[in-house]
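So the structure is just underneath, and the comments pick up after that.
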Amino acid sequence: MLLNQPIGVFDSGYGGLTVFKSISKLLPQYDYVYLGDNSRAPYGNRSFKTIHEYTWECVQQMFGLGCPLVILACNTASAKALRTIQQKDLKTADPTKRVLGVIRPTAEVIGNYSQTKQIGVLGTKGTIQSGSYLLEIGKFFPDVKVYQQACPLWVPLIENGEYDKPGADYFVKQYLDQILAQSPDIDTLLLACTHYPVLQQKIKAYLPQNIQVVSQGDIVAQSLVNYLQRHPEMEQRLTKNGNQQFFTTTDDTADFDHHASIFYSEPVKSTYVQMK
Ligand code: DGL
């Protein structure tokens, strides 16, 4: 009997669904498991140690569900936990499994979006303080100047279902004003948090028309296509029945399903998984 070997997509909460939507659209044939650690979200203001501990725990949970490959569809986890998982944890736990992040694939292409070669990066406190985007974009586009702004209140607004309410406007405008004040020549704003596309309409409403907003879903999905082409040994392990399963660490699965369906643009029915 062929065991289910899905691709795992992980996020601290709902945000990864914006990436999962692009991935499953481009690669509908694979089986997928989505896990949102909603009971412990947001991760953005947490310590390096805690983000690593939570992320690794969730990744192991997804390995237990049969995933040979897990995408951390979360910039905060990619910035703070990915390296330790790749270089240390996987070696002892199971060297045949793979865990990929979202920062490198984004950094590889983001410089191509800007005419002025000035890019603003919006992310959680954890992502911005890690300096990962400065480092990674610098490797691929040394001529691009990167400005950064942490937006610590955006994920809590989104996780609490306030993203389309008038109260969100104040905080959307506040962080946009702060990044635009750093340079008048920024022409590209990267939403370097997978939650933020949910605020895209409000973000666009407060930006001058010459500034484009880039979200990561399609970039990460295309990068996964390329990865699977380069790694046939992994591609062949993955089962292809088009099944999608959703898991959340909150016991209020009805609430998760309601919000997740909006983010994913399709009905979602989740199963609760208990964490520590
Ligand atoms: N969606 C996550 C990211 O891309 C983050 C959020 C959080 O839990 O703070 O950074």
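The table below lists the values:
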quantity: Farthest positive-ward along the chain dipole, Cα basis, beta-carbon charges - from 116, 215, 166; calculated: 116
quantity: Residue 235-residue 207 pseudo-label distance in nm [points 7 Å out on the Cα-to-Cβ vector]; calculated: 3.3
quantity: q = 0.17, 0.19, 0.25, 0.26 Å⁻¹: log10 I(q)/I(0) that the Debye formula gives for the stretch 172-211, counting C-alpha atoms only; calculated: -0.42, -0.53, -0.93, -1.01
quantity: Separation between Cα centres of the stretch 75-147 and the stretch 198-218, rounded to whole Å; calculated: 20
quantity: Surrounding net charge for residue 15, when Lys and Arg each add one and Asp and Glu each subtract one, Cβ distance under 13 Å; calculated: -2
quantity: Theoretical gain in end-to-end length, residue 116 to residue 252 [0.36 nm per residue, Cα-Cα removed]; calculated: 44.3 nm
quantity: Theoretical FRET efficiency, 1/(1+(r/R0)^6), r = Cβ-Cβ of residue 60 and residue 225, R0 22 Å, to 0.05; calculated: 0.25
quantity: Size of electric dipole in the chain: Cβ of Lys, Arg +1 and of Asp, Glu -1, about Cα centre, debye, nearest 20; calculated: 620
quantity: Options 231, 206, 248, ranked by Cα towards positive dipole end of the chain, top entry (Cβ charges); calculated: 231
quantity: Relative contact order (%) - the chain, alpha-carbon pairs under 8 angstrom, separation at least six; calculated: 27
quantity: Shape call, the stretch 143-276: gyration tensor on alpha carbons, a/c limit 1.5; calculated: oblate
quantity: Å² per residue, accessible surface of the stretch 155-260 at 1.4 Å; calculated: 48
quantity: Angstrom value of the Kirkwood radius, inverse mean 1/r, which spans all Cα pairs in the stretch 34-128; calculated: 14.3
quantity: Qualifying lysines (Cα of each under 28 Å from Cα of residue 240; at least 8 residues distant if same chain); calculated: 21, 25, 91, 97, 269
quantity: When the chain is reduced to its Cα atoms, the Kirkwood hydrodynamic radius in Å; calculated: 18.8
quantity: The stretch 1-56, dipole about Cα centre (Lys/Arg Cβ +1, Asp/Glu Cβ -1), debye to the nearest 20; calculated: 140
quantity: Contour minus Cα-Cα distance for residue 245 and residue 109 (0.36 nm per residue); calculated: 45.9 nm
quantity: Relative contact order (%) - criterion: Cα under 8 Å, at least six apart; region: the stretch 177-276; calculated: 20
quantity: For the stretch 30-158, size of Cβ-based charge dipole, Lys and Arg +1, Asp and Glu -1, in debye; calculated: 340
quantity: Average accessible area per residue (Å²) across the stretch 1-143 - probe 1.4 Å, nucleic acids and ligands excluded; calculated: 39
quantity: Segment residue 271-residue 96, extension gain: residue separation times 0.36 nm, minus the distance between their alpha carbons; calculated: 60.3 nm
quantity: Portion, in percent, of the accessible area of the stretch 99-149 that falls on carbon or sulfur, probe 1.4 Å; calculated: 50
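The values are calculated or read from the model by the stated rules, or taken from the named source; none is laboratory data. Given the structure is predicted, the values throughout are model-derived calculations rather than measurements. In this analysis, Cβ positions are derived from the backbone assuming ideal geometry, glycine residues included, and neighbour counts consider all displayed protein chains. Accessible surface areas use protein heavy atoms only, side chains included; no ligands, DNA or RNA. Shrake-Rupley method; radii C 1.70, N 1.55, O 1.52, S 1.80 Å.
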